[in-house]
Amino acid sequence: MLNRLFRLQRRNTTVKTEIIAGTTTFLTMAYIIFVNPAILSNAGMDKSALIVVTCLVTAIATIVTGLFANAPIAMAPGMGLNAFFAYTLVITQKINWQTALGVVFLSGLFFLILTLIGLRKKLVEAIPSSLISAISVGIGLFITFIGLQNLGIVITHPVTLVQAGNLNTTIMIGLAGLIVMIFLEMKKVKSSLLIGIVFATVLAILFGKVNKPQSFIASDISISAVALKLDILGAFKWSLFGSIFALMFMDMFDSIGTLVACCSEAKMSDKNGKIKKLDKLLAIDAGASMLGAMLGTSTTTAYIESAAGIEQGGRTGLASIVTGILFLIAILFVPVVGIVPNYATAPALIMVGLFMTREIKKIDFVQMENAFPAFIIIIMIALSYSISTGLAFGFISFTLLKIIAGKFEDIKPVMWLIAGLSVLYFVIPLITKGS
């Protein structure tokens, strides 16, 4: 039955191989159970409910991917996307988290519409690859900065804005977890981030910095504190259109990059090199973001950690279903996850930032009209504490410099639209304030 449903024999795999692959993917990305709630709780959301929602949304989206796309791809609330939610939408733009969930829902809806009517491909092709890589690098630096703040190594200063914090016990515990992660990464251990978080948490318990959980199995599981709290009408206004646009594009680029890389490795390409069922996978991705917003979490996207399971031989949706089931089981251990302190998850943010900045090697720094827009995206995302602001600066500067250089042929028609929307991102708040 499983062979017929998932075409195991046709894809040269077995049930055992798929189970091992699915388990590997789970262990590799299980750190999000700790990290996603740690980030989103900064937006004022209930951390215990977020732990459950993170597991639940990841499980549903990943199982659906396995059943309907037969792909070994896991989906979960995205790193970088959750930072945009908490630090840009809520903290910087000062909208409440309920409205921010509405922004997530609308971005997922627009992403789904673009995918269904075929405009997604044109939008993606309009953005130069250097800028797409710059977005990843910028978000990586941004996440690293947040991780350093959560760890306590970087603190505020009234004159220089930031400075190095003094070493203390919690910082040393976090650094110990970071060293463990780096060492395990060097040894190619798949669950390095998860092990580092657990190691730091155990140290925190031993040093009396956190209390042991009162129970290990959850007896009262509830997501009512965040579920169905989204404010779609509050998000559907001109002042937030730029943020919806930015979040949609971030998810789009992240998803396509991940899916192309992972599906190619999983031998899901046709003879022309095109990914089979890519539109279906992107539609599931968009739908998962809408579902996640309704249940109470930030944008859901395809996870590059799926590559770990694929490396273990995962070739079908059975691996995804195994991963999803393991996330469902993890819900039972919410009391244990709830005691994990921010300084234990901070090293994972630093490591994720490191992984994302690897994209810098794909940026063209030779041609100035390509180098500067990429550079300004990286810098402005990190220093403005706003991913959408960095994107807007980059898209505008790219178009402007190409005009100055007289290279109009490098500006694809859709890029003019993107640049125009980026200008509106800055203009609309001024008009709103003026009125």
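Details
- Vicinal HN-Hα couplings computed from phi for the range 157-170 (Karplus, 6.51 cos²θ - 1.76 cosθ + 1.60; Hz; Gly/Pro x): 9, x, 9, 8, 6, 9, 7, 7, x, 6, 5, 8, 4, 5
- Restricting the chymotrypsin sites (Phe, Trp or Tyr not before Pro) of the range 121-213 to loop positions (DSSP other than H, G, I, E, B) with no more than 13 neighbouring Cβ atoms within 10 Å leaves 207.
- Relative contact order of the chain, pairs being alpha-carbon contacts under 8 Å that are 6 or more residues apart, as %: 35 percent
- The overall shape of the range 156-250 is prolate: from the C-alpha gyration tensor, with semi-axes ordered a ≥ b ≥ c, the ratio a/c is 1.5 or greater and a/b exceeds b/c.
- The range 169-222: C-alpha gyration tensor shape, a/c 1.5 cut-off, then a/b vs b/c: oblate
- Counting beta carbons within 10 Å around each of 334, 159 and listing the fewest first gives the order 159, 334.
- Size-normalised alpha-carbon gyration radius of the range 2-434, reference 2.2 N^0.38 Å: 0.96
- 3J(HN,Hα) along the range 196-210: x, 5, 4, 4, 5, 5, 4, 4, 4, 5, 5, 8, x, 8, 9 Hz, from the Karplus curve 6.51 cos²θ - 1.76 cosθ + 1.60 with θ = phi - 60°, whole Hz, x for Gly and Pro.
- Note on residue 202 and residue 129: their simple-model spin labels are 4.4 nm apart, each label 7 Å out from Cα toward Cβ.
- Scoring 9-15, 104-110 by mean Cβ neighbours within 10 Å over their residues and listing the highest first yields 104-110, 9-15.
- Listing 243, 222, 306, 191 from fewest to most neighbouring C-beta atoms within 10 Å gives 222, 191, 243, 306.
- Between amide H atoms placed 1.01 Å from N, distances below 5 Å from residue 301 occur with 76, 78, all of them 5 or more places distant or on a separate chain.
- Projecting the Cα atoms of 30, 416, 299 onto the charge dipole of the chain (Cβ charges, centred on the Cα centre) puts 30 farthest toward the positive pole.
- Relative contact order (percent, whole number), the range 110-241, Cα cutoff 8 Å, 6+ residue spacing: 11 percent
- For the range 295-329 and the range 144-188, distance of Cα centres in Å: 29 Å
- Taking each DSSP H run with n ≥ 4 as -39500 (n - 2.57) and averaging over every residue of the chain yields -21000 deg cm²/dmol at 222 nm.
- Amide H contacts under 5 Å for residue 367: none, restricted to partners 5 or more places along the chain or on a different chain, H placed in the peptide plane at 1.01 Å from N.
Laboratory data are not the source of any read-out in this text; all were calculated from the coordinates shown. Here the structure is a predicted model, which is why all the values come from computation and not from measurement. With ideal geometry, Cβ positions are generated from the backbone for all residues, glycine too; neighbour counts draw on all protein chains shown.
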